Amino acid sequence: MRCRVMALAGLLLPLAVPQLLAAQPTPATAARLEGDWVRIDPDGAGSFGGLGASIPPAQLLPGATAAAGRGGGGRGGGRGGRGGPPVAESTSPNPEGVPYIVVAQPCAGGLGGRSNGALLVNPDSGGVHFIEHKDEVIFAGERGGVRHFYLDGRQHPTPWTPTPAGHSIAKYEGNALVVETVGFTAGAVPGGGVRTPETRLVERYEVSADGKRLTITYTWDDPKLYQKPHVYRYYFDRSPMLESAGTRVSYALEEWCDAGDPIEKQSIVPPKQTIK
Amino acid sequence: MKRLCACLVGVATLVAMPMAIPGEPAAPKRQEEEPARRRDISGFWELNFDGRNVPRANLLPTVTRAKIDARAKADAYAIRWCNLLGLPFVMDPGRPLDIRQGSSAVIIVGENASAPRYLYTNRTKHISDEIFDPSTNGDSIAHWEADTLIVDTVGFHGEHGITAIPGGGFRTDKSRLVERYRLLKDGALLSVTFTWTDPTVYRTPHTYEFRYHRLPSTYEPRQWLPCDPWDEDRGKFLEPPAVAKPAGRPISKGVTP
């Protein structure tokens with residue numbers, strides 16, 4: 001009798017397998033991460049600095065900043081992007097036709113957008129794009145940088161030369177893409193945090209059920225630096241769709257920045273002043 | 001008895017499993033997988049020294065030596081100032097390419113500081129030129145014909161980036177590129193045939209082929225190499241040589257100066 005029941009169960013099991021698999025969300029059935037996204041300002045902070053200020057402050061251990069070899073993380077964690085140090089501000093207005101020079105070295109490499117995908121660890125207002133493949137998710141930004149999230153079961157390589165974006169491996173947990181990154185160069189983290197090559201960042205990329213909102217939850221953890229894991233979230237919406245030849249489209253833009261063009265250093269040019 | 005019972009259950013499970021999934025009998029599934037595999041060009045790809053078959057382009061007479069020299073100078077500027085480099089350079093950047101095929105696009109990522117390419121498979125029309133800002137990579141749309149991925153690209157910027165095209169000529173805002181991607185040798189090679197047309201540069205369409213070798217799937221791409229336009233030493237290194245053409249140098253027979 002017992003054997004018959006087990007045999008029956010064995011025969012019925014395969015019938016149930018597709019249903020069981022269907023119940024387990026996979027990237028194929030879940031709202032997809034793939035596509036174009038822009039970071040939003042859900043609390044109305046109004047500026048990039050304001051967005052950074054809304055991040056809960058990191059709870060660092062004494063001496064953590066020195067251990068990271070930096071002067072501490074700024075509240076916003078740095079902007080990167082077109083990069084370069086600002087120039088000293090003038091105290092008097094420029095004459096007519098004389099442009100304000102606001103960036104000394106535009107389009108700079110360093111930790112800015114055009115190197116190593118560092119900007120995508122702390123994305124700014126530039127569009128970002130995901131391509132999902134079974135072995136790898138590629139995360140690319142319009143203001144520069146590419147991150148590779150490996151899904152093929154590889155481990156973090158050792159030895160590894162630290163880089164601004166570190167080395168990332170990933171897996172899907174239900175609808176969420178969970179990315180673990182180590183091997184960063186030492187430096188600042190948003191919310192006043194710091195990092196070293198040993199610091200571990202776990203990011204959870206979760207798309208809302210309607211597919212319109214992406215939430216990235218960042219968890220920086222390092223028992224040598226943090227009293228407790230440093231957690232905060234960024235929010236993104238799908239890129240706005242544009243009308244093109246009767247259809248609505250969204251696509252990746254190229255952000256052009258020519259360091260050799262003097263205009264890249266400039267802000268406004270004071271026009272002729274008319275006094276009435 | 002118990003052992004026999006367990007064995008029966010196992011056999012029953014194995015026998016029933018393939019039949020139980022509706023519409024996916026074992027043998028046809030294997031047949032379906034084959035074209036699917038040939039239609040995925042994802043992987044790490046390397047262009048070796050012997051991977052280029054590039055004939056000389058048939059240029060229009062209006063493409064003068066002066067125009068070609070001016071373009072070469074502009075290309076050197078793009079390298080010097082870490083500009084986005086664009087097509088066709090990004091397909092031969094001196095480092096392996098990471099190509100990943102998603103559900104809406106194929107992305108091609110290099111290891112240099114240049115924008116990735118997106119080959120959109122989710123639309124059949126180019127972005128209207130009323131809203132598309134010309135770019136170094138242009139606007140690419142792609143579709144499969146049998147086991148070949150056909151990619152059509154327009155919307156190029158006429159001056160930004162490295163514009164030199166292998167075999168002669170250069171990219172302009174009138175250029176159109178059609179590429180054909182096909183796996184060869186059981187997926188070990190990726191053949192890409194490039195065909196450039198441009199009424200301001202070419203007398204006839206200019207076609208050449210690159211063959212990329214597949215790297216092991218465990219390959220670790222080097223993250224974007226830093227390119228700092230403000231590195232003084234780098235700037236000096238990339239300045240054009242100040243040495244003038246030597247006067248009175250004898251010209252060998254058969255050599256065009």
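The values are calculated or read from the model by the stated rules, or taken from the named source; none is laboratory data. Please read these numbers as outputs of a predicted model, since none were measured by experiment. Positions of Cβ are backbone-derived with ideal geometry, glycine not excepted, and every protein chain shown enters the neighbour counts. To get the accessible areas, we keep the full protein, side chains included, count just its heavy atoms, and leave off ligands, DNA and RNA. Shrake-Rupley method; radii C 1.70, N 1.55, O 1.52, S 1.80 Å.
Are there any trypsin sites (Lys or Arg not before Pro) in region B:52-134 that are in a DSSP loop and have at most 11 other Cβ atoms within 10 Å? List them by number.
In loop regions of region B:52-134 (DSSP not H, G, I, E or B), the sparsely surrounded trypsin sites (Lys or Arg not before Pro) are B:56.
Set the Förster distance to 22 Å, then compute FRET efficiency between residue B:145 and residue B:53 from the Cβ-Cβ distance, nearest 0.05.
With R0 = 22 Å, the Cβ-Cβ based efficiency is 0.50.
Please give the FRET efficiency for residue B:173 paired with residue B:222, using the beta carbon to beta carbon distance and R0 = 41 Å, rounded to the nearest 0.05.
0.80
Between residue A:275 and residue A:241, with labels modelled 7 Å along Cα→Cβ, what's the label distance in nm to one decimal, could you check?
5.5
Keeping all protein chains in place, calculate the accessible area per residue for region A:171-221 (probe 1.4 angstrom), answer in Å².
Ligands and nucleic acids excluded, the figure is 34 Å² per residue.
Given points 7 Å out from each Cα along the Cα-Cβ axis, report the residue B:184 to residue A:266 separation in nanometres with one decimal.
5.1
In region B:137-230, what trypsin sites (Lys or Arg not before Pro) fall in a loop by DSSP, with at most 16 other Cβ atoms inside 10 Å?
Sparse-neighbourhood loop trypsin sites (Lys or Arg not before Pro): B:174, B:203, B:222.
Counting partner chain Cβ atoms within 10 Å of every residue's Cβ in B:75-83, what's the average?
3
Return a whole-number percent for the relative contact order of region A:128-256, with Cα pairs under 8 Å and 6 or more residues apart as the contact set.
Value for region A:128-256: 15 percent.
Compute the relative contact order of region B:63-179 as a whole-number percentage, counting only Cα pairs closer than 8 Å that sit 6 or more residues apart in sequence.
Once normalised by length, the contact order is 26 percent.
Given Cβ point charges of +1 (Lys, Arg) and -1 (Asp, Glu) and nothing else, what value in debye, to the nearest 20, does the dipole of region A:130-193 about its Cα centre take?
Computed about the Cα centre, the dipole is about 140 debye.
Is there a simple number for the mean count of other chain Cβ atoms within 10 Å of the Cβ of residues in B:209-221, and what is it?
Average neighbour count from other chains, rounded to a whole number: 2.
With a 1.4 Å probe on protein heavy atoms only, work out how much accessible surface B and A bury together, total over both chains, in Å² to the nearest 100.
Rounded to the nearest hundred, the buried surface is 4500 Å².
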